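The values are calculated or read from the model by the stated rules, or taken from the named source; none is laboratory data. Model, not experiment: these values are computed from the prediction. Reconstructed Cβ throughout: ideal geometry from the backbone, glycine too, with neighbour counts over all protein chains shown.
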Amino acid sequence: MSELAIQTVDLLRRYGKYTAVNKLNLKITLGSIFGFLGPNGAGKTTTLRMLAGLLEPSSGQVFLHGQLIQKTSTAAAIVGYMPDFFGVYDDLRVWEYLDFYARCHGIEPAKRKSTVDGLLDLVDLSEKRNAFVQHLSRGMQQRLCLAHALVHDPKILLLDEPASGLDPQARVELRELLRTLRDMGKTIILSSHILNELEDICTDFGIMARGELLAQGSLETLRQRSRPALQIKVLDDLDRAMRLIAAQSGVLRVLEPAEATPMLIEVEFDGDEQQASQLLLNLARAELPIADFHREDDSLERLFLQLVNNHGLEERV
Ligand SMILES: Nc1ncnc2c1ncn2[C@@H]1O[C@H](COP(=O)(O)OP(=O)(O)OP(=O)(O)O)[C@@H](O)[C@H]1O
């Protein structure tokens, strides 16, 4: 357990009769950047709030750095939390905002100035130290809130949707900042819907849907769980095409086209390139009007959709 920054054991949270988080067994290694993915309402915020000690679990346990968390204050000392919706106080200058939170964390007056200066430097807001918080851009406010989460030098950072509302340039800056924080030895958990944004920065992922953890691990581990696929677009004769495809070697399953793309057939396929080529040849020989034929890439987005769409059909973590 000591190599884990976070471990949860059957973590469960109900709101009334509704189970928002259902027996989560998360394992997050020290020093990782963990991308927490899931559609709206999956239970990500509820989980992060329980990890931060802000919300009591209905049952189950949270371990932070191997320590069983029984008191909010224990979690608060180890964790810095940045919520998805943050309020900033009007009529407070940037340095005053951080100074206020430094006081809240009991940082001595003699150390407060250097703490605030260090944080402003880290999040690249030194030039804005005297600006009013409400006059900062969205990206700058986000960085200020990150500095707030870092005031007490926590070992673990929980960031709820940190990239939401940021323009592409601000996202690049955020990514650089997260890498710096990881190099400082922090473990970072961030939730997001922007899947492609996470792929190159996260070392590990957890995918959640309807309160359940569907998969967790490195991209490689997740890829092993996904089924490779072919996408074939026909212009006509859909039923004949689907029957013919289903009979070819390497084909595991032929999926009904989605309503939005009525002529696009997705095929679960574990054949090699030779078999893919033979499949295309047989479709052409049968004079089926093929407009597109390609292998799906292994992007995180496809893995995510496959896992979420198959939820309930396949065995859980
Ligand atoms: N205080 C609450 N009272 C009742 N139900 C709640 C409460 N907070 C969250 N829920 C419900 O719990 C479920 C999980 O919500 P949660 O905010 O954790 O999901 P999420 O994955 O963070 O979603 P999003 O990506 O939309 O922020 C949702 O169905 C939500 O409506």
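Any residue that is in contact with a Cys (Cβ under 6 Å, 6 or more places away or on another chain), touching a residue at least 12 places away in the same chain (Cβ under 8 Å) and on the phi < 0 side of the Ramachandran plot - is there at least one of those in the stretch 114-128? Even if it seems obvious, please write down each step before you answer.
Our first condition is that a residue be in contact with a Cys (Cβ under 6 Å, 6 or more places away or on another chain); within the stretch 114-128, this holds for none.
No; the residues of the stretch 114-128 include none that is in contact with a Cys (Cβ under 6 Å, 6 or more places away or on another chain), touching a residue at least 12 places away in the same chain (Cβ under 8 Å) and on the phi < 0 side of the Ramachandran plot.
Applying the selection to the stretch 232-269, what residues are touching a Phe, Trp or Tyr at 6+ places or on another chain (Cβ under 8 Å) and in a strand (DSSP E or B)? Spell out the reasoning first.
To start, the set of residues in the stretch 232-269 that are touching a Phe, Trp or Tyr at 6+ places or on another chain (Cβ under 8 Å) comprises 232-233, 250-252.
232, 233, 251, 252, listed by residue number.
Of the residues screened, residue 37 is one that is within 13 Å of the ligand (Cβ to nearest atom), over 20 Å from residue 141 (Cα atoms), surrounded by 13 or more Cβ atoms within 10 Å (Cβ to Cβ) and in contact (Cβ under 8 Å) with a residue 12 or more places away in the chain. Considering 147, 110, the condition of being over 12 Å from residue 95 (Cβ atoms), aliphatic (A, V, I, L, M) and without any contact (Cβ under 8 Å) to a residue 60 or more places away in the chain is satisfied by 110 alone.
Here is the figure for the stretch 14-34: residues that are assigned to a strand (DSSP E or B) and either within 12 Å of the ligand (Cβ to nearest atom) or within 19 Å of residue 190 (Cβ to Cβ) (or both) total 13.
Select from the stretch 40-76 the residues that are assigned to a loop (DSSP other than H, G, I, E, B) and within 10 Å of the ligand (Cβ to nearest atom) and write down the one among them that is modelled with the lowest pLDDT.
40
You will find that of 79, 94, 88, the residue that is more than 16 Å from the ligand (Cβ to nearest atom) and modelled with pLDDT under 90 is 88 and no other. The set of residues from the stretch 173-197 being over 20 Å from residue 140 (Cα atoms), within 16 Å of the ligand (Cβ to nearest atom) and modelled with pLDDT under 95 comprises 193, 195. For the stretch 82-92, the criterion of being among the aliphatic types (A, V, I, L, M) and assigned to a strand (DSSP E or B) is met by at least one residue.
Anything in the stretch 6-45 that is of a type in the set (A, V, I, L, M) and closer than 17 Å to residue 160 by Cβ? List them, or say none. Break it down into steps so the answer makes sense when it comes.
From the stretch 6-45, those of a type in the set (A, V, I, L, M) are 6, 9, 11-12, 20-21, 24, 26, 28, 30, 33, 37, 42; that's our starting set.
Within the stretch 6-45, 6, 11, 20, 21, 24, 26, 28, 33, 37, 42 meet the criteria.
What do you reckon, is residue 163 in contact with a strand residue (DSSP E or B) (Cβ under 7 Å, 6 or more places away or on another chain), more than 20 Å from residue 27 (Cβ to Cβ), small (Gly, Ala, Ser) and in the same structural domain as residue 291 (by TED's automatic domain parsing)? The answer is no for residue 163. Return yes when residue 225 is at pLDDT below 90, more than 23 Å from residue 5 (Cα to Cα) and either in the same structural domain as residue 38 (by TED's automatic domain parsing) or touching a strand residue (DSSP E or B) at 6+ places or on another chain (Cβ under 8 Å) (or both) and no when it is not. The answer is yes for residue 225.
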